[in-house]
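Inspection log for the structure reproduced underneath, given as structure tokens.
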């Protein structure tokens, strides 16, 4: 990544970044926030529209009950207090993709406030505060075409108008780009577990703006912030923050003044650049939406919504570590998605050793998926196949080498483990007398190494184990091989 300038670590260490994140999340409802149009991505432009989302005179909004339930569930999942009464407001601004000339949002009385998400840091867990979660509708989309040297033109697709959104605003508690990355990662996990959104950043279901400033370490007063927009991945958000922190430090160190502005991230160049100044705050002229009554989420309704709360990722990891005796790293991989965690637990309950199932996923599955560019859900080997492989290894019927060979075939032929195993049927040799013949052959062929072992170099035993495995074409039971090699050499 290119940087603003070569700011030395010593100079950077003099400053403390202050970062706050605003995350917009499209809710996974069947219909839009205030009308009956389908809430569906990828339709032909301007086909999912009606008088309400086009803002035609006389058309009145009606609030989508499911959107309220999804927003409330998300708020509870990130530890927010859900207000019994919240007010919809008109946020007035003018843009080609906003046909009404205003956006229905919430202002001083949002749906939920005062939450937090806990993130890991080098100094231990840290709580990142969440100021508010409010409901609003999405705007349309401007599509810019044409080349810089030719006549440019802009078309407008209003399909997205009225899509239900929640905006989640963090406190300015984030101090490093890594903390920002962890916060977003965990927020996305929680939202996916609750199934309120698909969080697809490529389709715009999850969008993030970052506010960043720097101040001398020890200073209480915040520095002047820049808002970074147009960042379409968590990795790029981290890179944009790294760049922006260095840029601001360089400006201050050279005697300049950081100006309040909106900046865009250019991922190909690895830098941010100015989009517009924000020296004066935009006056949105908020006022209560006259066509919508106050939103009342009663205690009874909130409790009913809370009944749909799944076991959330952090709690699930802690339980699985204890229940299945797996490592924290295993738990992190296995809970990457709710569906994958469900599949693992279903397999673990039938497997002879849940720990071995987890180990096989880490040692045999994830590296192959990464090399093939596949997600866990696209794996040719099902969780049932993993459990079968783990049981065969646990029973001593397959060596680790045989397992690797079978998994290689699974990925090569895009077949599940059970299919490949039934066809290949590799047999592990566990007959003591048969393995003893291989051990005797290896010892007879390597007198020099025998002398080294008997002279006290016990590590040479591993050499003989390798020779026996080679002679048996990898089919000898490794536990028996180790035992018999040691016994023969000591005799």
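Each reported figure results from applying straightforward, stated rules to the coordinates on display, with no laboratory input. Please read these numbers as outputs of a predicted model, since none were measured by experiment. With ideal geometry, Cβ positions are generated from the backbone for all residues, glycine too; neighbour counts draw on all protein chains shown.
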Query raised in the report: At what distance in angstrom do the alpha carbon centres of the range 153-171 and the range 281-297 lie from each other?
Result: 17
Query raised in the report: What order do you get for 185, 272 when you list them from fewest to most C-beta neighbours inside 10 Å?
Result: 185, 272
Requested in this report: Output the relative contact order of the range 432-490, whole-number percent, from Cα pairs under 8 angstrom with separation of 6+ residues.
Outcome: 45
Report summary line: Taking Cα atoms only, helix 432-445 is inclined relative to the longest principal axis of the chain by an angle, in degrees rounded to 10, of 80
Query - Estimated distance in nm for a label pair at residue 85 and residue 408, the labels positioned 7 Å out from Cα along Cα-to-Cβ - result: 7.1
Query - Efficiency of FRET between residue 273 and residue 342 - r from beta-carbon atoms, R0 35 angstrom, step 0.05 - result: 0.20
Query raised in the report: What order do you get for 161, 50, 37, 208 when you list them from fewest to most C-beta neighbours inside 10 Å?
Result: 50, 37, 208, 161
**Report entry** the range 43-94 versus the range 188-263: alpha-carbon centroid distance in Å
**Finding:** 26
Query raised in the report: In nanometres, what is the gap between the two model label sites at residue 367 and residue 473, each 7 Å from Cα along Cα-to-Cβ?
Result: 2.5
Report task. Report the equivalent ellipsoid semi-axes for the range 432-490 in whole Å, largest first, defined as the square roots of five times the eigenvalues of the gyration tensor built from alpha carbon atoms. Result -> 18, 11, 10
Report summary line: With only helices counted (DSSP H, runs n ≥ 4, each -39500 (n - 2.57)), the per-residue ellipticity at 222 nm for the chain, to the nearest 500, works out to -11500 deg cm²/dmol
**Report entry** Relative contact order, percent, the range 159-281 [alpha-carbon distance under 8 Å, six or more residues apart]
**Finding:** 19
Report task. Go ahead and run the numbers for FRET between residue 397 and residue 266, Cβ-Cβ distance against an R0 of 60 Å, rounding to 0.05. Result -> 0.60
Report summary line: So, relative contact order of the range 9-301 in percent, Cα under 8 Å, 6 or more apart, is 25
Requested in this report: Please work out which option in (1) 94, 55, 52; (2) 110, 77, 65; (3) 101, 55, 54 gives Cα extents along the principal axes in Å calculated from these coordinates, and answer with its label.
Outcome: (1)
**Report entry** Rg/Rg_ref, the range 342-416, where Rg_ref = 2.2 N^0.38 Å and atoms are Cα
**Finding:** 1.01
Requested in this report: Rank the residues 471, 206 as a footprinting-exposure proxy: fewest other Cβ atoms within 10 Å of their Cβ go first.
Outcome: 471, 206
